[in-house]
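Here the structure is laid out as structure tokens; the discussion comes afterwards.
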């Protein structure tokens, strides 16, 4: 690696100080496919992006590419001498930790593909990087796999100390090489940006100059959790990417993956409770309800149980239930069975193959579910037992089918709560009225409903991050859940990058903790929306005439009310009026004839009157 003479660097720095940004060396962008590709590299195009990727081979564990076929060579001409950081727009494949490494040359020049000293190994890229346009690509970031993201490869190592690149005045054209390590690692663009400048994602996407100003310090939200003091909780999921500022937003805890049997007992009789302990402790230390996710499911189950005889499987299931009950004696909500309609514990890969050990379909069609709840009632006699599934709120047919299982359990006094996941792929495009109707169907069992895994995507039709799209969908969907009288709590299935739907833009805050528009709205909405204990009527307030002609009526003796809300029979808000020390209020509804509900809001108490409109 050539080294510039001190007087050249001093002169460059002096000139930069005199003329500002105009004297800074412009960034040098390269399309990854523009180099000379070794035979093992290909350059496919997908979704409008042409990128390079290596053909699938066994992972090379050594600290070099191994063969010339796994090397790409670029000729790079720089605008001026100086030191440059290496940035790359990359995507880590579905194998995550087995798809997240590559090599770049240890300095400029042609390298030996078999010499460790010639290469810098970059690893552990699966959980780093930046995707949002205004984010500064400086530190680690937290973008995950399966998304295109920018990484400063001169600051992220993971295996060896990364380097910057120095260009001398007389050698502005240099040879630069990258090498393949793991397949499944895709590269779209490479940018050399002047060291000491700060480049945003937008800068790197568009080949723009960076800024001399460092990024502002991360935003720090101020608690308490937004649902504090409300009769419903608004919870969050416990996983490493989601823990930052958790208690500033959420007041209920559920583990994302740590409570799944395959996570705890991947090896038979070897229990890993570490992360599940941490989730339970977070809840109990803060007085938050804790939901255990999950005892019985047809995914992420121990592989070793699939080939055991049925009697031995049942013994292991009993041991699993007993171990959880002993270690966590104060579980508030327990998902006994997850996704019975979609992912039963059958013979599919990762499914456990123990459905028959629990009784199979049996005479009810759902004997295995009933057995699971019978065991849960035995081992967790004071815990609220819950069923959970997805896409049960998006059609009348799926709601009725799910209700059938709920009623089987209710008839046996085995279930205390009904879980509805509420993912974006279930609510997108579903009219709010239909969603509310399906909630009413599920509520007809007379059990409390909980929205257990809510997420709402935030990208537009071009798959670009779009705050306005996410905000509009939050404003459309969230109130249906939050206002429904049978829904007693909502849990977000992640809210930061690293969210399982990061690629769909479902996170509510950015890497720097700054809040997206939907989060700003959500905080204000939850804090300002009155939810309270319902009672049938408030005799002190009169409503006349009733029936109302043409939607006109008057409420009197309303001095203690803070608001009046009118709902249709499907629970949809028709009109809301804020009040302050008013003795009466005249109402005019522009509605069709029919039956309506008038809610009288007094602090945390909501009473109701029926109104007939003629």
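Restricting attention to region 423-465, which residues are within 22 Å of the chain's Cα centre (by Cα) and surrounded by fewer than 18 Cβ atoms within 10 Å (Cβ to Cβ)?
425, 428, 429, 430, 459, 460, 461, 462, 463, 464
Looking at this structure, is residue 405 in a helix (DSSP H, G or I), touching a strand residue (DSSP E or B) at 6+ places or on another chain (Cβ under 8 Å) and crowded, with 16+ Cβ neighbours inside 10 Å?
yes
When you scan region 315-332, how many residues do you find that are farther than 16 Å from residue 262 by Cα and either surrounded by 15 or more Cβ atoms within 10 Å (Cβ to Cβ) or not assigned by TED's automatic domain parsing to the domain that holds residue 287 (or both)?
4
Across region 491-523, what is the number of residues that are in contact (Cβ under 8 Å) with a residue 60 or more places away in the chain, touching a strand residue (DSSP E or B) at 6+ places or on another chain (Cβ under 7 Å) and over 19 Å from residue 243 (Cβ atoms)?
1
Please work out which residue is farthest from residue 334 (Cα to Cα), limiting yourself to region 365-374 and to residues that are part of a helix (DSSP H, G or I) and under 32 Å from the mean Cα position of the chain (by Cα).
Ranking the candidates gives 368 first.
Do you know which residues across region 30-54 are surrounded by 12 or more Cβ atoms within 10 Å (Cβ to Cβ), assigned to a loop (DSSP other than H, G, I, E, B) and out of contact with any helix residue (DSSP H, G or I) (no Cβ under 9 Å at 6 or more places or on another chain)?
35, the sole residue that qualifies.
Taking only pairs six or more apart or across chains, which ones have beta-carbon atoms under 8 Å, a first residue in region 52-71 that is on the phi > 0 side of the Ramachandran plot, and a second residue that is surrounded by 15 or more Cβ atoms within 10 Å (Cβ to Cβ) and at pLDDT 90 or above?
Listed pairs, sorted by first residue: 66/113.
Examine region 211-222 for a residue that is closer than 30 Å to residue 71 by Cβ and part of a loop (DSSP other than H, G, I, E, B), and state whether such a residue exists.
Scanning region 211-222 turns up no residue that is closer than 30 Å to residue 71 by Cβ and part of a loop (DSSP other than H, G, I, E, B).
Residues 80, 66: which one is modelled with pLDDT of 90 or more, in contact with a helix residue (DSSP H, G or I) (Cβ under 8 Å, 6 or more places away or on another chain) and assigned to a loop (DSSP other than H, G, I, E, B)?
80 is the lone residue from the list that is modelled with pLDDT of 90 or more, in contact with a helix residue (DSSP H, G or I) (Cβ under 8 Å, 6 or more places away or on another chain) and assigned to a loop (DSSP other than H, G, I, E, B).
Suppose we filter region 532-575 for residues that are closer than 30 Å to residue 434 by Cα, at pLDDT 80 or above and part of a loop (DSSP other than H, G, I, E, B); how many remain?
3
So residue 446 passes all but one of these: (1) closer than 16 Å to residue 489 by Cα; (2) in contact (Cβ under 8 Å) with a residue 60 or more places away in the chain; (3) out of contact with any strand residue (DSSP E or B) (no Cβ under 8 Å at 6 or more places or on another chain). Which condition number does it fail?
Of everything listed in (1) closer than 16 Å to residue 489 by Cα; (2) in contact (Cβ under 8 Å) with a residue 60 or more places away in the chain; (3) out of contact with any strand residue (DSSP E or B) (no Cβ under 8 Å at 6 or more places or on another chain), residue 446 misses just condition (2).
If only one of 212, 201, 253 is in the same structural domain as residue 79 (by TED's automatic domain parsing) and either more than 21 Å from residue 301 (Cα to Cα) or modelled with pLDDT under 95 (or both), which one is it?
The unique qualifying residue is 201.
In the list 258, 279, 244, which residue meets the criterion of being surrounded by 17 or more Cβ atoms within 10 Å (Cβ to Cβ), in the same structural domain as residue 299 (by TED's automatic domain parsing), under 30 Å from residue 331 (Cα atoms) and in contact with a strand residue (DSSP E or B) (Cβ under 6 Å, 6 or more places away or on another chain)?
279
(1) free of Cβ contacts under 8 Å to residues at least 60 places away in the same chain; (2) out of contact with any strand residue (DSSP E or B) (no Cβ under 9 Å at 6 or more places or on another chain): which one isn't true of residue 342, the others all being true?
Single failed check for residue 342: (2).
Determine which single condition residue 169 fails, assuming it passes every other condition in (1) in contact with a helix residue (DSSP H, G or I) (Cβ under 8 Å, 6 or more places away or on another chain); (2) within 22 Å of residue 126 (Cβ to Cβ).
The one condition residue 169 does not meet is (2).
Take the residues in region 503-531 that are closer than 27 Å to residue 590 by Cβ and part of a loop (DSSP other than H, G, I, E, B), then tell me which one is modelled with the lowest pLDDT.
531
Among (1) modelled with pLDDT of 85 or more; (2) surrounded by 14 or more Cβ atoms within 10 Å (Cβ to Cβ); (3) within 44 Å of the chain's Cα centre (by Cα), which single condition is residue 578 missing?
So residue 578 meets the others, but not (2).
Mind counting the residues in region 104-159 that are on the phi > 0 side of the Ramachandran plot and surrounded by 20 or more Cβ atoms within 10 Å (Cβ to Cβ)?
2
May I ask you to verify whether residue 294 is under 28 Å from the mean Cα position of the chain (by Cα), surrounded by 14 or more Cβ atoms within 10 Å (Cβ to Cβ) and part of a loop (DSSP other than H, G, I, E, B)?
In short, yes.
Quick one: would you say residue 218 is outside the structural domain of residue 34 (by TED's automatic domain parsing), in contact (Cβ under 8 Å) with a residue 60 or more places away in the chain and within 29 Å of the chain's Cα centre (by Cα)?
Yes: the conditions hold for residue 218.
Tell me, yes or no, whether region 584-596 has at least one residue that is surrounded by 13 or more Cβ atoms within 10 Å (Cβ to Cβ), part of a loop (DSSP other than H, G, I, E, B), modelled with pLDDT of 90 or more and under 36 Å from the mean Cα position of the chain (by Cα).
No, every residue in region 584-596 fails to be surrounded by 13 or more Cβ atoms within 10 Å (Cβ to Cβ), part of a loop (DSSP other than H, G, I, E, B), modelled with pLDDT of 90 or more and under 36 Å from the mean Cα position of the chain (by Cα).
Got a number for residues in region 94-105 being in a loop (DSSP other than H, G, I, E, B) and touching a strand residue (DSSP E or B) at 6+ places or on another chain (Cβ under 7 Å)?
Residues that pass the stated criteria total 3.
Farther than 22 Å from residue 68 by Cα, without any contact (Cβ under 8 Å) to a residue 12 or more places away in the chain and outside the structural domain of residue 499 (by TED's automatic domain parsing), is that true of residue 157?
No; evaluated as a whole, the condition is false for this residue.
The values are calculated or read from the model by the stated rules, or taken from the named source; none is laboratory data. Keep in mind the model is a prediction, meaning the values are calculated, not measured. For neighbour counting, all protein chains shown are included, and Cβ atoms are generated from backbone atoms with ideal geometry for every residue, glycine included.
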